[in-house]
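Contents: one structure, followed by commentary.
The values are calculated or read from the model by the stated rules, or taken from the named source; none is laboratory data. These figures come from a predicted structure and were not determined experimentally. Cβ placement follows ideal geometry from the backbone for every residue including glycine, while neighbour counts extend to all protein chains displayed. For accessibility, only protein heavy atoms count, side chains too; no ligands or nucleic acids. Shrake-Rupley method; radii C 1.70, N 1.55, O 1.52, S 1.80 Å.
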Amino acid sequence: MPQLLVVTGPPGSGKSTVTAALADRWDPSVLVEGDAFFRFLRRGAVTPWLPESHAQNETTVLAASAAAGRFAAGGMTVVYDGVVGPWFLPRFAGATGLQSIDYVILLPPLETCLDRVSTREGHEFTDLGAAHHLYEDFARAIADGTPGLVLADLPEDVAGVADRIVDAIEHGWSRVEVAAAG
């Protein structure tokens, strides 16, 4: 059982669907939705996918990681749903206050992600250009080598993806030591 499982990937990769299924596998569990922290921003908020949002995004994601870490330190299994690229993993992991986390990147084909983003209903993020850019950022980071586990050949069913992630956790394939990450 993980303390904190971060499931990330570009927009449209299936994070929200998979993390909901994963959080239901453990008791007690907490699902921390990274997007919810962006909804806390009120006046002066910058659209998160614009370049000038960097400082705002960093603060917001670090607040979410600290909250996730507190839930985990309280004995709950925490599943985090949000964009946490390998380039930001050391900062994210350090802000949790934990010694290790489990880290999984979902990376289905680009076309799948873009199709999901373009057909979303009730989701704030619909910018195909930004989705494509984030996809490329993840692909480059993975090509350069990344800690944790990358799932690129995903089964169609959510339960199948969740099973693969649970198997990875049990074998330690997704484990990232925070000291090593920072």
Open item on the list: Taking every alpha carbon pair in segment 143-182, what does the distance histogram look like in 5 angstrom bins from 0, in percent?
Closed with: 6, 21, 25, 22, 15, 8, 3, 0
Open item on the list: With the cut-off at 1.5 for a/c, could you classify segment 32-102 from its C-alpha gyration tensor as rounded, prolate or oblate?
Closed with: prolate
TODO: Before rounding to the nearest 500, sum -39500 (n - 2.57) across all DSSP H runs of length at least 4 in the chain and divide by the residue total; then give [θ] at 222 nm in deg cm²/dmol.
DONE: -14000 deg cm²/dmol
Task: In Å, descending, principal axis extents of the Cα set of the chain - done: 37, 36, 32
- [ ] Using Cα centres only, tell me the gap between segment 1-47 and segment 144-171 in whole Å.
- [x] 16 Å
- [ ] Report the label-to-label distance for W87 and W26 in nanometres (one decimal), using points 7 Å from each Cα along the Cα→Cβ vector.
- [x] 2.9 nm
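Taking the solvent-accessible surface of protein heavy atoms with a 1.4 Å probe, what is the per residue accessible area of the chain in Å²? Let's see the in-between values first.
Values: 9070 Å² over 182 residues.
Accessible surface, normalised per residue, equals 50 Å².
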Open item on the list: Out of the total accessible area of segment 110-152 (probe 1.4 Å, heavy atoms of protein only), what percent is carbon and sulfur?
Closed with: 51 percent
- [ ] Looking at the chain, send over the antiparallel percent of its DSSP beta bridges, to the nearest 5.
- [x] 15 percent
Task: Linear extension gain, A36 paired with V158, 0.36 nm per residue minus alpha-carbon span - done: 41.7 nm
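For A143 and D167, what does the FRET efficiency come to when R0 = 30 Å and r is the distance between their Cβ atoms, rounded to the nearest 0.05?
Efficiency, from the Cβ-Cβ distance: 0.80.
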Open item on the list: In 10 Å bins starting at zero, report the fraction of Cα pairs in segment 61-155 per bin as a rounded %.
Closed with: 14, 41, 34, 11
Task: Computed E for S118/T47 - FRET, C-beta separation, R0 25 angstrom, nearest 0.05 - done: 0.90
Open item on the list: Residues of segment 127-160 with backbone nitrogen within less than 13 Å of a virtual label 7 Å along the Cα-to-Cβ line of L110, please, listed as ranges.
Closed with: 129-140
